[in-house]
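Every read-out reported here was derived from the displayed coordinates using simple, explicitly stated rules and does not represent laboratory data. Quick caveat, the model's predicted, so the values are computed rather than measured. Here the Cβ is made from the backbone with ideal geometry for all residues, glycine too, and neighbour counts use every protein chain on show.
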Amino acid sequence: MMTVVAGEHGTDPKRDRMVIAASSLGTVFEWYDFFIYGTLAPVIGKLFFPAENEVAQFLLALASFAVGFGFRPLGAVLFGYLGDRLGRKYTFLVTITLMGGATAGVGLVPTYAAIGIAAPILLITLRILQGLALGGEYGGAAIYVAEHAPANRRGFYTSFIQASVAGGFLLSLLVVLATKAAIGTEAWIAWGWRIPFLFSILLLGISLWMRLKLKESPVFRAMKEKGELASNPLKESFGTRRNVGLILVAMLGIAAGLTVIWYTAHYSALFFLQNSLRVDETVAAVVVGTSVVISLIWFVLFGWLSDKVGRKKPIVIGYAATLLLLFPVFHVIADAANPALAEAGRRAPIVVAGPDCTYNPFATKGQETECGRLLDYLSKKGVSYTKVEAPVVALTVGGRPVAEPTPVKLDRVLAAAGYSFEKVRPPLPNLLLILLAIVLMGVLSGMTFGPVAALLTELFPARIRYSSMSIPYHVGTGYFGGFLPFISQYIVARTGDPFAGLWYTFAVVAMALVVTLIWLPETAGKRLD
């Protein structure tokens with residue numbers, strides 16, 4: 001049996017700083033590559049998924065974004081096997097190379113107008129490669145840092161990996177904003193949107209240079225020297241009832257819960273401001289980007305705190321607080337971002353009645369029913385509405401029926417009722433309130449995300465750690481979190497309620513709270529050999 005334990009074989013501050021910096025920066029760059037696609041979803045929708053329906057364009061772009069997440073578990077299986085058999089270092093060198101190449105490829109793919117249906121096919125193929133790469137990246141970086149860390153600082157060391165996920169999202173926003181500002185709107189739409197994707201070539205070069213300087217983790221080297229490597233890590237991961245139980249807890253209690261909070265705090269907030277509240281896109285990106293900068297603190301803070309109070313306690317408290325604060329926080333954002341629109345919704349609510357109010361957001365040739373056409377109009381406007389069953393089709397605004405509600409007439413009626421669809425720039429006090437609300441969501445994300453790299457590393461045996469950790473993490477984050485932007489925006493489009501998409505987050509977090517509270521063991525300080 002090995003006796004080598006990370007952190008107990010002698011510490012080297014210079015080496016540890018390099019380990020953290022190289023692993024974290026590589027993770028920032030890899031998540032940048034992945035998030036840049038989601039950040040540019042509205043542009044990609046128009047260029048690669050042409051449709052008369054802008055709602056359908058946006059949803060199809062988000063669906064292709066989710067495809068990458070759908071393939072993350074397969075990447076976790078593949079690279080988890082390699083990580084347990086060949087080593088942590090070389091595996092995440094391969095993953096970052098694959099990710100950087102696929103991202104640069106997105107910047108080179110011709111649009112639908114140039115090559116037709118081949119354009120979205122190529123785009124989705126590259127998204128699949130990105131998903132496979134990301135499936136191996138997080139587990140490798142987290143394990144590599146944890147296996148170098150002193151036992152009493154493992155949460156703090158690995159918290160920088162957690163913060164790197166938010167760092168990748170922040171970098172994607174900054175590069176988009178800087179490129180737009182540098183080349184102008186016309187050039188951005190024509191060709192400039194490709195620059196953020198091609199920028200990943202530079203990031204890949206930096207990351208490879210740093211990671212090539214690293215040595216293999218001490219725990220893996222000790223296992224290799226003792227001949228204790230798993231012959232089939234995937235089979236061993238599912239070989240005992242106890243490990244299968246831990247995998248399920250990690251997937252449903254940890255990965256699913258933390259990831260929906262993270263995406264709600266960042267992507268949902270961004271889409272909520274831009275789409276539902278009609279906030280200027282650049283203003284919305286700056287506010288969310290600023291909140292991400294501030295939120296980086298919380299990941300490190302709660303990672304450090306988990307070394308003192310344990311991993312489980314901050315996560316459980318964070319889940320419970322999310323259930324209490326989720327809807328109030330987004331109502332604060334709505335009232336501050338576009339007070340006139342919020343007031344119009346309260347003073348003059350829109351009600352659509354009819355015998356068959358079926359609405360298909362993906363319809364490209366128009367809705368089949370009169371009621372569906374009304375809902376389509378309102379959804380494209382981003383207007384909140386309520387549906388009721390009735391024998392005949394009718395629409396009321398503030399309780400007053402609108403006879404023959406054609407688009408032109410509805411535009412006049414809604415304008416008279418105080419609904420404005422122009423892009424808005426909230427005043428500074430309101431922006432600060434919005435920022436505070438999103439930062440609060442960032443605190444909740446930090447509580448639930450900060451301790452997790454250390455927790456998952458400690459949860460599984462060393463010989464099957466890469467596989468056992470990566471698979472549930474990427475199933476949970478890939479399917480519960482990766483599909484959140486699409487599912488939540490689809491719910492909003494179908495219901496007409498800009499807050500309805502939050503129920504998806506609420507349900508997943510409630511499940512995660514129950515699983516974590518009952519079945520998650522405390523792991524802080526556990527030996528990693």
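Computed about the Cα centre, the dipole magnitude for the chain is approximately 1080 debye when only Lys and Arg (+1) and Asp and Glu (-1) carry charge, each at its Cβ.
Label zone (residue 228, point 7 Å along Cα-to-C-beta; backbone nitrogen cut-off 14 Å) within segment 486-529: 527-529.
Sort segment 190-248 into rounded, prolate or oblate with this rule: let a ≥ b ≥ c be the square roots of the eigenvalues of the Cα gyration tensor; rounded if a/c is under 1.5, and if a/c is not under 1.5, prolate when a/b is larger than b/c, oblate otherwise.
Values: a/c = 4.75, a/b = 1.80, b/c = 2.64.
The shape class here is oblate.
Expressed to the nearest 5 percent, the antiparallel share of DSSP beta bridges inside the chain is 55 percent.
Each Lys and Arg adds +1 at its Cβ and each Asp and Glu adds -1 at its Cβ; summed about the Cα centre, segment 341-416 shows a dipole of about 300 debye.
Annotation: amide H-H contacts under 5 Å for residue 424 (H modelled 1.01 Å from N, sequence separation of 5 or more, or interchain): 279, 280. Projecting label points 7 angstrom from Cα along Cα→Cβ for residue 241 and residue 125 puts them 4.7 nm apart.
Taking Cα centre as origin and charging only the Cβ of basic (Lys, Arg, +1) and acidic (Asp, Glu, -1) residues, the dipole magnitude of segment 271-404 rounds to 500 debye. Exposure here means at most 10 other Cβ atoms within 10 Å; with GluC sites (Glu not before Pro) in a DSSP loop as sites, the longest stretch of the chain lacking them is 53-421. Relative to one another, the C-alpha centroids of segment 301-335 and segment 177-247 are positioned 27 Å apart. Taking the charge dipole of the chain about its Cα centre, with +1 at Lys and Arg Cβ atoms and -1 at Asp and Glu Cβ atoms, the residue from 141, 323, 298 reaching farthest to the positive side is 141. Put in order of Cβ neighbour count within 10 Å, fewest first, the listed residues 273, 435 become 435, 273. For the residue pairs 180/423; 180/215; 224/526; 180/381, the C-alpha atoms sit more than 28 angstrom apart in 180/215. Counting only DSSP beta bridges with both residues in segment 341-416, the antiparallel share comes to about 60 percent. List every DSSP H helix in the chain whose Cα atoms extend 18 Å or more along the helix's own long axis and whose mean Kyte-Doolittle hydropathy is at least 0.0. Once both thresholds are applied, what remains is 13-39, 54-70, 72-85, 88-106, 118-146, 154-183, 281-309, 312-337, 428-449, 502-519. Listed peptides 205-215, 93-103 appear in the order 93-103, 205-215 once ranked by packing, highest mean of other Cβ atoms within 10 Å at the front. In loop segments of segment 377-461 as defined by DSSP, there are no trypsin sites (Lys or Arg not before Pro) with at most 12 further C-beta atoms inside 10 Å of their C-beta.
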